[in-house]
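Scroll down for the structure; my scribbles are underneath it.
The values are calculated or read from the model by the stated rules, or taken from the named source; none is laboratory data. Note that the structure is a prediction, hence the values are computed from the model and not measured. Cβ: placed from backbone, ideal geometry, glycine included. Neighbour counts: every protein chain shown.
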Amino acid sequence: MKVLVLNAGSSSIKYQIFNMDTEVVLTTGLLEQIGESTSRLKYKWLENGNGEMQEAVQEGRVANHNEGLKLILDLTLKLGVIKDLHELSGIGHRVVHGGEAFWKPTLINDKVAEVIREMIALAPLHNPANLMGIEVSRQLCPSVPQVAVFDTAFHQTMPPVAYHYALPYEYYKNLKVRRYGFHGTSHRYVSKQCAKYLKKPLAECNFITIHIGNGGSMTAIRGGKSVDTTMGMTPLEGLVMGTRSGDIDPAIPFYLARTLGKPFDEIETILNKQSGLKGISGANDMREIERLAAGGNMNAKLAIDMFCYRIKKYIGAYYAVLGTVDAIIFTGGIGENAVETREQICSGLEALGIVMDAAKNSAPSRAMREVSADTSRVKIMVIPTNEELEIAEQTVECIKGA
């Protein structure tokens with residue numbers, strides 16, 4: 001059973017094809033700079049279905065997403081990954097925002113596509129591109145079942161006390177202003193992997209999952225279900241991120257508008273693109289910030305300290321929400337690779353039963369691993385995320401259940 005996973009951006013298409021019988025990636029690639037003078041497709045494929053991954057780059061103008069997906073499908077056929085499009089059992093699409101309409105992966109038809117279009121107001125930077133990928137894919141592969149997998153769906157189990165904002169209730173009722181949360185596919189995937197590691201049913205597990213990369217969010221998981229998460233109506237709320245501010249006093253934008261005369265569109269750009277780690281240190285790559293801090297740059301050190309402090313605060317908050325915690329799970333580019341960041345976040349949490357083993361934490365590995373001390377009541381896990389595989393698995397489940 002072969003499944004294509006698509007993640008369409010405004011000028012890019014990221015893709016993978018899985019053999020779901022073995023969960024092996026048969027081909028993966030990223031087409032960038034769609035619509036520009038020169039587009040670039042970097043791809044890998046498993047030659048003859050076994051052996052080592054081959055890698056290549058192809059450049060040339062790709063005018064739009066229709067041309068882009070056609071290029072990808074033609075290349076996949078040429079490489080022999082599939083013999084024809086009917087070999088695809090399904091196509092899974094990452095969709096950032098499903099609002100309250102979608103609680104689970106959903107087979108795409110005209111009505112579903114229209115509801116996704118209605119969600120553009122809630123995710124104007126992401127949903128238009130996601131929808132474009134869906135429309136092109138349905139045109140080029142009309143006989144292949146297609147499934148939308150929503151970043152927000154995992155968090156639809158949050159109780160009202162967690163997802164409501166203390167604003168006039170009519171804004172929720174009429175405008176759907178509420179917490180939605182994001183990175184749900186990643187939080188779901190790593191929680192499933194951790195439950196397997198602990199040899200416990202997911203429904204009996206309480207976790208705090210920490211997905212940190214350029215964007216970042218945390219989730220409180222009780223009995224395998226999301227009960228609270230740090231991102232809100234948009235991905236701007238919560239943790240200090242690469243370029244996003246995370247939590248701030250809501251009055252700050254009004255103060256900046258009054259004192260600097262800046263329009264709100266510009267302030268929105270500042271909060272999303274010029275704040276967070278970049279706003280404090282001038283850089284948004286944690287590796288660069290760590291290098292600057294090691295060289296004595298005090299702003300870089302401050303940025304790291306703020307980043308870790310915010311995560312530590314939310315660990316405490318979510319511990320209080322859950323009551324008992326089986327494991328804290330680090331994932332994402334920073335979560336999986338930044339040894340010192342993980343150590344700083346967990347330092348001082350020993351009274352909560354969270355004790356890190358420095359040797360385990362610093363041991364180089366790309367595999368799922370436990371980095372907590374033997375004396376730690378709460379497991380500290382590092383689990384590489386695999387959102388594409390999770391989308392593929394949910395696509396298969398949805399098609400089989402239809």
(message) Of everything in segment 30-68, what is of a type in the set (A, V, I, L, M, F, W, C), closer than 21 Å to Arg138 by Cα and in contact (Cβ under 8 Å) with a residue 24 or more places away in the chain? Give them in sequence order.
(response) Leu31, Ile34, Val62, Ala63
(message) Filter segment 391-402 down to the residues that are more than 14 Å from Leu6 (Cβ to Cβ) and either under 20 Å from the mean Cα position of the chain (by Cα) or part of a helix (DSSP H, G or I) (or both) and list them by number.
(response) Glu393, Val396, Glu397, Cys398, Ile399, Lys400, Gly401
(request) Among residues belonging to segment 307-337 that are in a helix (DSSP H, G or I) and touching a Leu at 6+ places or on another chain (Cβ under 8 Å), point out the one that is surrounded by the fewest Cβ atoms within 10 Å (Cβ to Cβ). (result) Gly316
(request) Look at segment 10-54 and say how many of its residues are in contact with a helix residue (DSSP H, G or I) (Cβ under 6 Å, 6 or more places away or on another chain), part of a loop (DSSP other than H, G, I, E, B) and surrounded by fewer than 20 Cβ atoms within 10 Å (Cβ to Cβ). (result) 2
(message) I'm told Leu73 meets every condition in (1) surrounded by 16 or more Cβ atoms within 10 Å (Cβ to Cβ); (2) at pLDDT 95 or above; (3) under 22 Å from Lys176 (Cβ atoms) except one. Can you identify the failing condition by its number?
(response) (3)
(request) Name the single residue, out of those in segment 140-182 being in a helix (DSSP H, G or I) and of a type in the set (Gly, Ala, Ser), that is surrounded by the fewest Cβ atoms within 10 Å (Cβ to Cβ). (result) Ala162
(request) Could you list, in sequence order, all residues of segment 99-119 that are in contact (Cβ under 8 Å) with a residue 60 or more places away in the chain, of a type outside the set (A, V, I, L, M) and touching a strand residue (DSSP E or B) at 6+ places or on another chain (Cβ under 7 Å)? (result) Pro105, Thr106
